Amino acid sequence: MNPRDAVFANIRRALGVAGDEAPRRFEVAARLAEAPPGVAPQRGQGDLDARLATFKAEAERAQATIEVVASLDDVPEAVARYLRDNNCPASLRMGADARLAAMPWGKTALEILHGASDGHDLNAAAFAFAGIAETGTLALVSGADNPTTLNFLPDNEIVILKKDEIVADFESVFAKLRATYGKGGAPRTVNFVTGPSRSADIEQTLLLGAHGPRRLHIVIVG
């Protein structure tokens, strides 16, 4: 028995319970399910168009760039145009997300690379789990579909976000995670990304790319 188990065993013995009694487990589950929501800021609330407008304003304030396209089929050309306009190499690394794989990348001149980054990729694309209107933040989940290394190692990160997955606040993201993955199925990591990486720790001089991508470009679909 490890120290943690020993502590819980002592508590159960003092209370005269085993910890698996049905009434106790039901009471805990009910309290978790019926927990009242916390206070959420007004910024970010509203209908989908209002959330989109707030998300764009906040993301651009954090120095991200944004393009809105009509459909997923329009994404490859938008990505190729962004890389070309910023004089970036015509290569792009992405994970195994089926939505990315189904896009017509063959209509562009981009070299498509797959899998996690080893730190030598300049450009990467990933699909966002959600956008947060409140702060212009992207929520990105880890896994083979969208490896976490793509969010931190390349210089230029391109994130695809569906318009209808822009939520009002952080609380809504956690509710969406629970609804999507269920109990015990959540991804190992959820990264919240607001704008490109930056630091002003040294003489209060802003430096982009301090801990991650120098550029963050968001392609909103819908």
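Quick notes
- Taking all protein chains together, 79, 7, 17 sort by accessible area into 7, 17, 79, largest first [probe 1.4 Å].
- Cα-based Lys proximity count in the chain, under 20 Å, for pairs eight or more positions apart or on separate chains: 4
- Accessible-area order (highest first, 1.4 angstrom probe) of the listed residues 162, 107: 107, 162
- With respect to the chain, whose longest principal axis is taken over its alpha-carbon atoms, helix 3-15 is tilted by about 40°.
- Full extension of the segment from residue 15 to residue 43, taken as 0.36 nm per residue of separation minus the current Cα-Cα distance, would add 5.5 nm.
- Rg to Rh, two decimals, where region 60-162 supplies the alpha carbon set and Rh follows Kirkwood: 0.92
- Residue 163-residue 35 FRET efficiency (beta carbon distance; Förster radius 35 Å; 0.05 resolution): 0.75
- Computed from Cα atoms, the angle from the helix 22-33 axis to the main principal axis of the chain rounds to 30 degrees.
- Spatial separation of Cα centroids for region 69-147 and region 151-196, in angstrom: 15 Å
- GNM on the chain, alpha-carbon springs under 10 angstrom: the most fluctuating residue among 18, 40, 124 is 18.
- Each residue of region 1-113 gets 273 Å³ once the volume of the Cα convex hull is shared out per residue.
- Ellipsoid fit via the Cα gyration tensor, the chain: semi-axes of 38, 21, 19 Å, each the root of five times an eigenvalue, largest first.
The values are calculated or read from the model by the stated rules, or taken from the named source; none is laboratory data. The shown structure was predicted, so the numbers you read here are calculated from the model rather than taken from an experiment. Heads up, the Cβs are rebuilt from the backbone with ideal geometry, glycines too, and the neighbour counts pull from every protein chain shown. When the accessible area is computed, the model is the full protein with side chains, heavy atoms only, and any ligands, DNA or RNA have been set aside. Shrake-Rupley method; radii C 1.70, N 1.55, O 1.52, S 1.80 Å.
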